[in-house]
Amino acid sequence: MADKSSFTPEEWKAILASPMLAGLAVTLAEPSGLWGTLKESMASAQALLAAGNDPKASPLMKALLADMETSDGRSVAREEIKIDLSGKSTADLKAQVMDKLAKVGEILDAKAPGDAPAFKTWLKYVADQVAEAASEGGVLGFGGKQVTDAERATVSEVGRALKVA
């Protein structure tokens, strides 16, 4: 079973940022406005909290959650995103997010093969939860489509980047 010590500091930063990246990919697919973006951010956070309450959580997941519970851990994750993603178009951002998620998948496959399938499936679940968090195209939160085609395609794209179904 892998934990934080199984990875280099750079690899751990990428893993730590991965749940935020999975959610960001969906947000970039179909920007939701202020309220939708807040709902999508909350969905990502709720997926983290739910994982923390799972008694079957792996040591890898527990290590990630322990770091995310600290302000330093959250800062490292945010910095990992800011460094690489600032100042780019939405399409470029999404492509870079997918590249970073693919790299995380490769790191997990190489260094944590026993934990990789469940962790990568969970990252896709985070993307799915973000997609379902806010409806798009409505007025003041009414109407619209719960999950758009672009969001659905992005969740699939996250799965392909991580090499999970």
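The values are calculated or read from the model by the stated rules, or taken from the named source; none is laboratory data. A quick note: this is a predicted structure, and the numbers were derived from the prediction, not measured. Cβ atoms come from the backbone with ideal geometry, glycine included; neighbour counts cover every protein chain shown.
Contact map, segment 61-74: first residue in contact (Cβ under 8 Å) with a residue 60 or more places away in the chain, second residue part of a helix (DSSP H, G or I) and surrounded by 13 or more Cβ atoms within 10 Å (Cβ to Cβ), Cβ cut-off under 6 Å, separation 6 or more or different chains; pairs are Met61/Ala51; Ala63/Lys4; Asp67/Leu16; Asp67/Gly73.
Just to verify a result, which residue in segment 12-25, among those that are touching a residue at least 60 places away in the same chain (Cβ under 8 Å) and under 17 Å from Lys62 (Cβ atoms), is surrounded by the fewest Cβ atoms within 10 Å (Cβ to Cβ)? Show your work before the answer.
Residues of segment 12-25 that are touching a residue at least 60 places away in the same chain (Cβ under 8 Å), as a first pass: 13-25.
Add one more test, that the residue is under 17 Å from Lys62 (Cβ atoms), and what stays is 15-16, 18-19.
On the way: Ile15: 27, Leu16: 23, Ser18: 27, Pro19: 26.
In this case the residue turns out to be Leu16.
Considering segment 48-92, and only residues there that are aliphatic (A, V, I, L, M) and at pLDDT below 80, the residue that is farthest from Ala131 (Cα to Cα) turns out to be Ile83. Residues that are over 15 Å from the mean Cα position of the chain (by Cα), at pLDDT 85 or above and surrounded by 12 or more Cβ atoms within 10 Å (Cβ to Cβ) do not occur anywhere in segment 26-45.
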